[in-house]
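The structure under discussion appears below in the form of C-alpha coordinates.
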Amino acid sequence: MKSIDLNADLGEADNPEWVNDEIEMLQYISSANIACGGHAGSDEAMRRMIFGAQKHNVVIGAHPSYPDREFFGRKSFKIGRDIGAQELKLTLVNQISKLINLAESANERVRYVKPHGALYNDAMKDTEKADIIARAISSFKQNLIFLGGPNSEMKIAAKKYGLKYVSEGFADRRYTEDGHLQNRDIKGSVIEKQNERISQAKNIVLNQSVITASGKKMPIKVDTICLHGDSPGALRTAKKIRNQLEKSGIRIMAFANV
(Lines give C-alpha, C1' and ligand atoms only; values in the text may rest on other atoms or scores of the structure.)
Protein backbone atom coordinates (compact mmCIF):
# COMPACT_ATOMS: atom_id res chain seq x y z
CA MET A 1 0.00 0.00 0.00
CA LYS A 2 1.31 3.45 -0.94
CA SER A 3 1.87 5.78 2.02
CA ILE A 4 2.30 9.50 2.56
CA ASP A 5 3.09 11.69 5.54
CA LEU A 6 0.89 14.65 6.47
CA ASN A 7 2.70 17.42 8.36
CA ALA A 8 1.48 20.69 9.86
CA ASP A 9 3.14 23.79 11.28
CA LEU A 10 1.94 23.97 14.88
CA GLY A 11 2.66 25.66 18.20
CA GLU A 12 2.13 29.04 16.54
CA ALA A 13 -1.31 29.86 17.97
CA ASP A 14 -1.84 33.16 19.80
CA ASN A 15 -5.52 32.88 20.74
CA PRO A 16 -7.73 30.17 22.37
CA GLU A 17 -9.65 29.25 19.20
CA TRP A 18 -6.45 28.75 17.22
CA VAL A 19 -4.96 26.72 20.08
CA ASN A 20 -7.97 24.38 20.01
CA ASP A 21 -7.68 23.99 16.23
CA GLU A 22 -3.99 23.07 16.57
CA ILE A 23 -4.80 20.43 19.17
CA GLU A 24 -7.54 18.96 16.97
CA MET A 25 -5.28 18.93 13.90
CA LEU A 26 -3.07 16.38 15.62
CA GLN A 27 -5.81 13.81 15.00
CA TYR A 28 -5.33 14.03 11.24
CA ILE A 29 -1.59 14.44 10.69
CA SER A 30 1.41 12.17 11.21
CA SER A 31 4.17 14.76 11.75
CA ALA A 32 4.04 18.03 13.69
CA ASN A 33 6.45 20.88 12.93
CA ILE A 34 6.63 22.73 16.25
CA ALA A 35 7.56 26.42 16.38
CA CYS A 36 10.59 26.94 18.62
CA GLY A 37 10.31 30.61 19.51
CA GLY A 38 11.96 32.23 16.50
CA HIS A 39 8.79 33.38 14.74
CA ALA A 40 6.20 32.12 17.22
CA GLY A 41 5.73 29.74 20.11
CA SER A 42 6.66 29.49 23.77
CA ASP A 43 7.73 26.79 26.21
CA GLU A 44 4.09 26.32 27.13
CA ALA A 45 3.02 25.97 23.49
CA MET A 46 5.84 23.53 22.77
CA ARG A 47 4.92 21.36 25.75
CA ARG A 48 1.26 21.43 24.69
CA MET A 49 2.16 20.22 21.19
CA ILE A 50 4.58 17.59 22.49
CA PHE A 51 1.98 16.09 24.82
CA GLY A 52 -0.70 16.29 22.13
CA ALA A 53 1.57 14.58 19.63
CA GLN A 54 2.27 11.79 22.12
CA LYS A 55 -1.46 11.28 22.65
CA HIS A 56 -2.10 10.90 18.91
CA ASN A 57 1.12 9.04 18.06
CA VAL A 58 2.39 11.93 15.94
CA VAL A 59 6.11 12.36 15.22
CA ILE A 60 7.53 15.76 16.17
CA GLY A 61 10.02 18.02 14.43
CA ALA A 62 11.56 21.44 15.07
CA HIS A 63 10.31 24.41 13.05
CA PRO A 64 12.97 27.13 13.49
CA SER A 65 13.09 30.45 11.66
CA TYR A 66 14.78 33.78 11.40
CA PRO A 67 14.55 35.53 14.80
CA ASP A 68 11.51 37.48 13.65
CA ARG A 69 8.42 37.42 15.82
CA GLU A 70 7.33 40.82 14.52
CA PHE A 71 6.69 39.54 11.00
CA PHE A 72 5.99 35.89 11.91
CA GLY A 73 9.22 34.78 10.24
CA ARG A 74 8.02 35.86 6.82
CA LYS A 75 10.52 38.68 6.33
CA SER A 76 13.69 37.74 4.47
CA PHE A 77 16.98 38.49 6.25
CA LYS A 78 20.10 39.31 4.27
CA ILE A 79 23.34 37.75 5.51
CA GLY A 80 25.78 40.47 6.52
CA ARG A 81 23.12 43.17 6.70
CA ASP A 82 20.26 41.87 8.83
CA ILE A 83 22.02 38.93 10.45
CA GLY A 84 25.47 37.37 10.46
CA ALA A 85 26.05 33.83 9.19
CA GLN A 86 27.26 32.59 12.59
CA GLU A 87 24.42 34.43 14.32
CA LEU A 88 21.86 32.69 12.10
CA LYS A 89 23.41 29.28 12.76
CA LEU A 90 23.44 29.97 16.51
CA THR A 91 19.79 31.04 16.66
CA LEU A 92 18.78 27.92 14.73
CA VAL A 93 20.78 25.70 17.06
CA ASN A 94 19.26 27.41 20.10
CA GLN A 95 15.71 27.05 18.77
CA ILE A 96 16.16 23.37 17.94
CA SER A 97 17.87 22.73 21.29
CA LYS A 98 14.97 24.27 23.17
CA LEU A 99 12.49 21.84 21.61
CA ILE A 100 14.83 18.88 22.05
CA ASN A 101 15.24 19.64 25.76
CA LEU A 102 11.50 20.03 26.33
CA ALA A 103 10.82 16.83 24.39
CA GLU A 104 13.40 14.85 26.36
CA SER A 105 11.83 15.99 29.62
CA ALA A 106 8.61 14.41 28.35
CA ASN A 107 10.41 11.22 27.20
CA GLU A 108 9.88 12.22 23.59
CA ARG A 109 12.28 12.55 20.67
CA VAL A 110 12.60 15.26 18.03
CA ARG A 111 13.04 13.48 14.69
CA TYR A 112 13.51 16.18 12.08
CA VAL A 113 13.91 19.90 11.31
CA LYS A 114 11.88 22.00 8.88
CA PRO A 115 12.81 25.68 8.49
CA HIS A 116 9.95 28.16 8.55
CA GLY A 117 8.65 30.87 6.26
CA ALA A 118 11.10 33.24 4.62
CA LEU A 119 14.09 31.18 5.74
CA TYR A 120 12.62 28.12 4.01
CA ASN A 121 11.88 30.05 0.83
CA ASP A 122 15.29 31.75 0.81
CA ALA A 123 17.12 28.44 1.32
CA MET A 124 15.35 26.93 -1.67
CA LYS A 125 17.69 28.97 -3.89
CA ASP A 126 20.33 30.46 -1.58
CA THR A 127 23.33 28.14 -1.23
CA GLU A 128 24.76 29.94 1.82
CA LYS A 129 21.54 29.86 3.82
CA ALA A 130 20.86 26.24 2.91
CA ASP A 131 24.40 25.41 4.08
CA ILE A 132 23.88 27.26 7.39
CA ILE A 133 20.69 25.32 8.09
CA ALA A 134 22.33 21.99 7.24
CA ARG A 135 25.32 22.77 9.48
CA ALA A 136 22.99 23.67 12.33
CA ILE A 137 21.09 20.39 11.94
CA SER A 138 24.25 18.31 11.61
CA SER A 139 25.62 19.73 14.89
CA PHE A 140 23.17 17.52 16.81
CA LYS A 141 23.75 13.85 17.62
CA GLN A 142 20.10 12.84 17.18
CA ASN A 143 20.46 12.06 13.44
CA LEU A 144 17.83 14.68 12.64
CA ILE A 145 16.18 14.53 9.23
CA PHE A 146 16.18 17.68 7.07
CA LEU A 147 12.70 18.47 5.70
CA GLY A 148 12.40 20.94 2.83
CA GLY A 149 11.32 21.55 -0.73
CA PRO A 150 12.23 19.28 -3.66
CA ASN A 151 14.86 20.37 -6.20
CA SER A 152 16.32 22.89 -3.78
CA GLU A 153 19.66 24.03 -2.39
CA MET A 154 18.55 22.53 0.93
CA LYS A 155 18.59 19.06 -0.60
CA ILE A 156 22.11 19.62 -1.93
CA ALA A 157 23.30 20.92 1.45
CA ALA A 158 21.75 17.94 3.25
CA LYS A 159 23.77 15.56 1.06
CA LYS A 160 26.95 17.55 1.72
CA TYR A 161 26.55 17.06 5.49
CA GLY A 162 25.34 13.48 5.33
CA LEU A 163 21.78 14.28 6.40
CA LYS A 164 18.72 12.35 5.33
CA TYR A 165 16.50 14.67 3.30
CA VAL A 166 12.74 14.49 2.88
CA SER A 167 10.90 16.55 0.26
CA GLU A 168 7.47 18.04 0.85
CA GLY A 169 4.59 19.37 -1.20
CA PHE A 170 1.93 21.90 -0.20
CA ALA A 171 -1.84 21.51 -0.34
CA ASP A 172 -2.62 25.20 0.07
CA ARG A 173 0.10 27.01 -1.92
CA ARG A 174 0.51 27.83 -5.60
CA TYR A 175 3.67 26.75 -7.40
CA THR A 176 5.78 28.56 -9.96
CA GLU A 177 7.07 26.73 -13.03
CA ASP A 178 10.52 26.30 -11.44
CA GLY A 179 8.96 24.19 -8.71
CA HIS A 180 9.07 26.81 -5.97
CA LEU A 181 6.26 28.36 -3.96
CA GLN A 182 4.70 31.50 -5.37
CA ASN A 183 5.44 34.60 -3.28
CA ARG A 184 2.76 35.23 -0.66
CA ASP A 185 2.53 38.85 -1.79
CA ILE A 186 0.97 37.70 -5.05
CA LYS A 187 -2.81 37.40 -4.96
CA GLY A 188 -3.90 33.77 -5.13
CA SER A 189 -0.59 32.37 -3.87
CA VAL A 190 -2.45 30.85 -0.90
CA ILE A 191 -5.20 28.50 -2.03
CA GLU A 192 -8.34 29.36 -0.10
CA LYS A 193 -11.00 27.02 -1.49
CA GLN A 194 -11.26 23.67 0.28
CA ASN A 195 -11.97 21.69 -2.89
CA GLU A 196 -8.86 23.12 -4.57
CA ARG A 197 -6.67 22.25 -1.59
CA ILE A 198 -7.98 18.69 -1.56
CA SER A 199 -7.58 18.37 -5.33
CA GLN A 200 -3.98 19.60 -5.21
CA ALA A 201 -3.04 17.25 -2.37
CA LYS A 202 -4.55 14.26 -4.16
CA ASN A 203 -2.89 15.22 -7.43
CA ILE A 204 0.53 15.46 -5.78
CA VAL A 205 0.16 12.14 -3.97
CA LEU A 206 -1.64 10.07 -6.60
CA ASN A 207 -0.24 11.56 -9.81
CA GLN A 208 3.04 13.11 -8.62
CA SER A 209 2.16 16.35 -10.37
CA VAL A 210 0.78 19.81 -9.66
CA ILE A 211 -0.83 22.55 -11.73
CA THR A 212 1.31 25.68 -11.51
CA ALA A 213 0.04 29.24 -11.10
CA SER A 214 0.35 29.65 -14.87
CA GLY A 215 -1.82 26.58 -15.48
CA LYS A 216 0.89 24.16 -16.56
CA LYS A 217 1.27 20.60 -15.31
CA MET A 218 4.52 20.10 -13.41
CA PRO A 219 5.95 16.83 -12.05
CA ILE A 220 6.66 16.78 -8.33
CA LYS A 221 7.75 13.90 -6.13
CA VAL A 222 7.42 14.26 -2.36
CA ASP A 223 7.21 12.13 0.79
CA THR A 224 5.01 14.47 2.80
CA ILE A 225 2.25 17.03 2.32
CA CYS A 226 2.21 20.22 4.41
CA LEU A 227 -1.05 21.54 5.84
CA HIS A 228 -0.40 25.05 7.16
CA GLY A 229 -1.85 25.36 10.64
CA ASP A 230 -2.35 29.12 10.30
CA SER A 231 -4.36 29.03 7.04
CA PRO A 232 -8.08 29.80 7.36
CA GLY A 233 -10.00 26.51 7.48
CA ALA A 234 -6.83 24.51 8.15
CA LEU A 235 -8.52 22.05 10.50
CA ARG A 236 -11.25 21.27 8.00
CA THR A 237 -8.63 20.91 5.26
CA ALA A 238 -6.60 18.42 7.30
CA LYS A 239 -9.66 16.30 8.07
CA LYS A 240 -10.86 16.24 4.46
CA ILE A 241 -7.47 15.55 2.92
CA ARG A 242 -6.79 12.64 5.24
CA ASN A 243 -10.25 11.24 4.57
CA GLN A 244 -9.91 11.56 0.79
CA LEU A 245 -6.42 10.05 0.69
CA GLU A 246 -7.43 7.08 2.82
CA LYS A 247 -10.49 6.52 0.61
CA SER A 248 -8.05 6.39 -2.33
CA GLY A 249 -6.09 3.61 -0.62
CA ILE A 250 -3.27 5.79 0.69
CA ARG A 251 -1.90 5.00 4.13
CA ILE A 252 -0.99 8.01 6.31
CA MET A 253 2.41 7.31 7.88
CA ALA A 254 5.14 9.54 9.32
CA PHE A 255 8.18 9.69 7.02
CA ALA A 256 10.43 9.32 10.06
CA ASN A 257 8.91 5.87 10.65
CA VAL A 258 9.38 4.61 7.09
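The values are calculated or read from the model by the stated rules, or taken from the named source; none is laboratory data. As the structure is a prediction and not an experimental result, all values here were calculated from the model. Note that each Cβ is placed from the backbone with ideal geometry, even for glycine, and that neighbours are counted across all protein chains shown.
Here are some notes:
- Qualifying residue in the stretch 182-189 (condition: of a type in the set (Lys, Arg), modelled with pLDDT of 95 or more and over 19 Å from the mean Cα position of the chain (by Cα)): no
- Selection of the stretch 4-20 for residues being over 13 Å from ALA201 (Cα atoms) and either in contact with a Ser or Thr (Cβ under 9 Å, 6 or more places away or on another chain) or outside any helix (DSSP H, G or I) (or both) yields ALA8, ASP9, LEU10, GLY11, GLU12, ALA13, ASP14, ASN15.
- Where strands (runs of 3 or more DSSP E) fall entirely within the stretch 194-254, those with at least 1 residues that are in contact with a Ser or Thr (Cβ under 8 Å, 6 or more places away or on another chain) are at 217-219, 224-227.
- Restricting SER30, SER76 to residues that are buried (at least 24 other Cβ atoms within 10 Å of the Cβ) and within 26 Å of GLU153 (Cα to Cα) narrows the list to SER30.
- Taking the conditions (1) at pLDDT below 95; (2) among the aromatic types (Phe, Trp, Tyr); (3) buried (at least 20 other Cβ atoms within 10 Å of the Cβ) in turn, TRP18 satisfies each one other than (3).
- Filter result (farther than 20 Å from LEU10 by Cα, among the basic types (Lys, Arg) and within 17 Å of the chain's Cα centre (by Cα)) within the stretch 190-226: LYS221
- Residue satisfying condition, being closer than 15 Å to ASN94 by Cα, of a type in the set (Ser, Thr, Tyr) and surrounded by fewer than 24 Cβ atoms within 10 Å (Cβ to Cβ), within set SER65, SER3, SER42: SER42
- Selection of the stretch 237-258 for residues being surrounded by 15 or more Cβ atoms within 10 Å (Cβ to Cβ) and of a type outside the set (Val, Ile, Thr) yields ALA238, LYS239, LYS240, ARG242, GLN244, LEU245, MET253, ALA254, PHE255, ALA256.
- Hits in the stretch 41-63 (condition: assigned to a loop (DSSP other than H, G, I, E, B), free of Cβ contacts under 8 Å to residues at least 60 places away in the same chain and at negative phi): SER42, HIS56
Yes/no per residue for (1) over 23 Å from ASN151 (Cα atoms); (2) in contact with a Lys or Arg (Cβ under 6 Å, 6 or more places away or on another chain):
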| position | (1), (2) |
| --- | --- |
| GLN200 | no, no |
| ALA213 | no, yes |
| ILE220 | no, no |
| ASP230 | yes, no |
| LYS247 | yes, no |
| ARG251 | yes, no |
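- THR127 meets the conditions (1) within 17 Å of the chain's Cα centre (by Cα); (2) over 15 Å from CYS36 (Cβ atoms) in every case but one. The failed one is (1).
- Pick from the stretch 100-118, criterion within 11 Å of MET154 (Cβ to Cβ) and not basic (Lys, Arg), ranking: surrounded by the most Cβ atoms within 10 Å (Cβ to Cβ): PRO115
- Among the conditions (1) hydrophobic (A, V, I, L, M, F, W, C); (2) modelled with pLDDT of 95 or more; (3) within 19 Å of MET253 (Cα to Cα), MET1 misses just one, which is (2).
- Of all residues making up the stretch 75-104, the number that are under 16 Å from ILE34 (Cα atoms) and out of contact with any Leu (no Cβ under 8 Å at 6 or more places or on another chain): 13
- Matching residues, the stretch 119-151, being loosely packed, with under 15 Cβ neighbours inside 10 Å, free of Cβ contacts under 8 Å to residues at least 40 places away in the same chain and of a type in the set (Ser, Thr, Tyr): THR127
- Residues satisfying the stated conditions in the stretch 165-190, i.e. under 21 Å from PRO115 (Cα atoms), in a loop (DSSP other than H, G, I, E, B) and out of contact with any Phe, Trp or Tyr (no Cβ under 7 Å at 6 or more places or on another chain): ALA171, ASP172, ARG174, THR176, ASP178, GLY179, HIS180, ASN183, ARG184, ASP185, SER189
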